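Chemist: Let me begin by handing over the structure; questions about it come next.
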Amino acid sequence: YTFLDLKTKLQTQIGDPNLDSTVMGDALNYTEQSIFSTFNLTLNSATQTNAVAAGANTLTSALPTDFQRVLNLYISSPAALARNLKNYFMSVDDFRERFPDAGTYTGPLQEWTYFTSIEFSTLSDQAVTVKLDYIKTIDLLSADADVPTIPQSFEELLVLGAKMRIYEQKEDFDYANQFTNRYADLLEAFITRYSTSQVETQIVIPGARGRV
């Protein structure tokens, strides 16, 4: 189950021996990147242990190089201060309006925001360890031997998404649309299986069938 295998399968299913390898590769990458950029999934989530020093209102260490967006933030130690800070997140605009002098006063960590870094409204009154659950970026497929992040059990999802993109590029929209419902069914099953939420929820697939 490699990048080359998928391109070979695409070429066979589309029935075009002259189909450009770059076109197929782009279609596969666009499909995978789109899925992981849209949904919070266990396959591209991770946790970083970080810290906030006493007298600071930002994290001690840089965010991971593969950081994409925050899922959750919580204080893990000291034990007496351990708590989830997710509900104290504020948009940058609201944060700046409410705390124009952020980082001026000392107190327990509570309200926070994220722009280019995580910033708290107060300077921490003591050193704490924090854990950051985050969504990470996934690598583009480039070498023939590269393996997709999407597991092989959902290979059809990746192939169908790429096939639809290729037919759209050929401006054969009617033929591309015939795969929409099957793609939506597979995407629903994939998200249900790998969602970070693990709670039954309504899944909306843009451009498919509304609720799938």
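The values are calculated or read from the model by the stated rules, or taken from the named source; none is laboratory data. All of these numbers come straight from a predicted model, not from anything done at the bench. Using ideal geometry, Cβ is built from the backbone for each residue, glycine included, and neighbour counts are taken over all protein chains shown. Ligands, DNA and RNA are excluded from the accessible area calculation, which covers all protein heavy atoms including side chains. Shrake-Rupley method; radii C 1.70, N 1.55, O 1.52, S 1.80 Å.
Chemist: Quick check on Tyr183: is it touching a residue at least 12 places away in the same chain (Cβ under 8 Å), within 21 Å of the chain's Cα centre (by Cα), open to solvent by 20 Å² or more (accessible area, probe 1.4 Å) and under 25 Å from Leu71 (Cα atoms)?
Modeler: no
Chemist: In segment 187-212, what residues are part of a helix (DSSP H, G or I), open to solvent by 20 Å² or more (accessible area, probe 1.4 Å) and either modelled with pLDDT under 90 or not aromatic (Phe, Trp, Tyr) (or both)?
Modeler: Within segment 187-212, Glu188, Ala189, Thr192, Arg193 meet the criteria.
Chemist: I'd like the residue in segment 63-97 that is in a loop (DSSP other than H, G, I, E, B) and without any contact (Cβ under 8 Å) to a residue 12 or more places away in the chain and, out of all such residues, is least open to solvent (accessible area, probe 1.4 Å).
Modeler: It comes out as Ala82.
Chemist: So which of Gln126, Gln110 ends up being exposed (fewer than 14 other Cβ atoms within 10 Å of the Cβ), part of a loop (DSSP other than H, G, I, E, B) and touching a residue at least 60 places away in the same chain (Cβ under 8 Å)?
Modeler: Only one candidate passes the filter, namely Gln126.
Chemist: Look through Asp174, Asp146 and report the one residue that is assigned to a loop (DSSP other than H, G, I, E, B) and among the charged types (D, E, K, R).
Modeler: Checking each option against the conditions leaves just Asp146.
Chemist: Of the conditions (1) open to solvent by 30 Å² or more (accessible area, probe 1.4 Å); (2) more than 15 Å from Val147 (Cα to Cα); (3) outside any helix (DSSP H, G or I), Leu19 satisfies every one except a single condition; which number is it?
Modeler: Leu19 satisfies every listed condition except (1).
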